[in-house]
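Inspection log for the structure reproduced underneath, given as structure tokens.
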Amino acid sequence: MRKKREVLTLAVAALAVLTLAVVLTVSVTAAVQFYQQRLTDPASADREELLRWLVVRDLSEESAQLRRTLAARLEEEFGGDRIDWNATAGQLDGTQRERLWQNVLLLLEPWFTQKVDGYFQLAATERLAYVDRTIDTIAVWRGVESLRSNSSENGQPHTPQPEFFPVLVERINQWQESATPEQRKRISRLLVAVQSRWLIRGLTGELSSP
């Protein structure tokens, strides 16, 4: 009888330990997931935290206001500063790189809308510097296309991946077509200013032509 009680006690203890281990595992996993998803408000986030938004969240599931804020803050922080895209790619897996690419494309519309509005809020004497900053931002973020590999895991070639600049041009054309007549005029005027300045900077060696 004593041996049976000892066996029963050991079985209960083992079950308790196993249950505790499962509970702890679930709790730790939940805590890790919680802190991974818990991000700083883009309005007050620093550079690293802003980039984390692009890597860990699907921004299509976020509000339009959050995307507008994120687009504005990313330009504030990275408008003219280079990003080491090769180093960034080395820190991300394939899923994260693809998410970053898709999120950047998703932010193009709120970013461009803000650029159009901002251009026409400025005095004529301030617009050249504004256009230069717009060009600098495009030059920085077009490097995101380097995160997309042209070959698969098993060495088989992928379908050619879209590049940043052609995608931007295509989407601007789409936004312009669906805009009001007045907004189409505003978009056209900004595009002419950007294209003219980009050409001049390319000719003078300040920026390579797209």
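The values are calculated or read from the model by the stated rules, or taken from the named source; none is laboratory data. These numbers were taken from a predicted model, which means no experiment stands behind them. Using ideal geometry, Cβ is built from the backbone for each residue, glycine included, and neighbour counts are taken over all protein chains shown.
Applying the selection to the stretch 159-189, what residues are of a type in the set (Val, Ile, Thr), more than 22 Å from the chain's Cα centre (by Cα) and either modelled with pLDDT under 90 or in a helix (DSSP H, G or I) (or both)? So that I can check it myself, show each step before the final result.
Step one: filter the stretch 159-189 for residues of a type in the set (Val, Ile, Thr), giving 159, 167, 169, 172, 180, 187.
After this cut, where a residue has to be more than 22 Å from the chain's Cα centre (by Cα) as well, the list is 159, 180, 187.
Scanning the stretch 159-189 gives 159, 187.
Can you work out which of the residues in the stretch 17-47 that are modelled with pLDDT under 90 and charged (D, E, K, R) is surrounded by the fewest Cβ atoms within 10 Å (Cβ to Cβ)? So, considering only residues that are modelled with pLDDT under 90 and charged (D, E, K, R), the one surrounded by the fewest Cβ atoms within 10 Å (Cβ to Cβ) is 38. Looking only at the stretch 114-149, residues that are in a helix (DSSP H, G or I), more than 26 Å from residue 204 (Cα to Cα) and without any contact (Cβ under 8 Å) to a residue 60 or more places away in the chain come to 3 in all. Each residue in the stretch 67-112 was checked for being β-branched (Val, Ile, Thr) and out of contact with any helix residue (DSSP H, G or I) (no Cβ under 8 Å at 6 or more places or on another chain), and 2 of them qualify.
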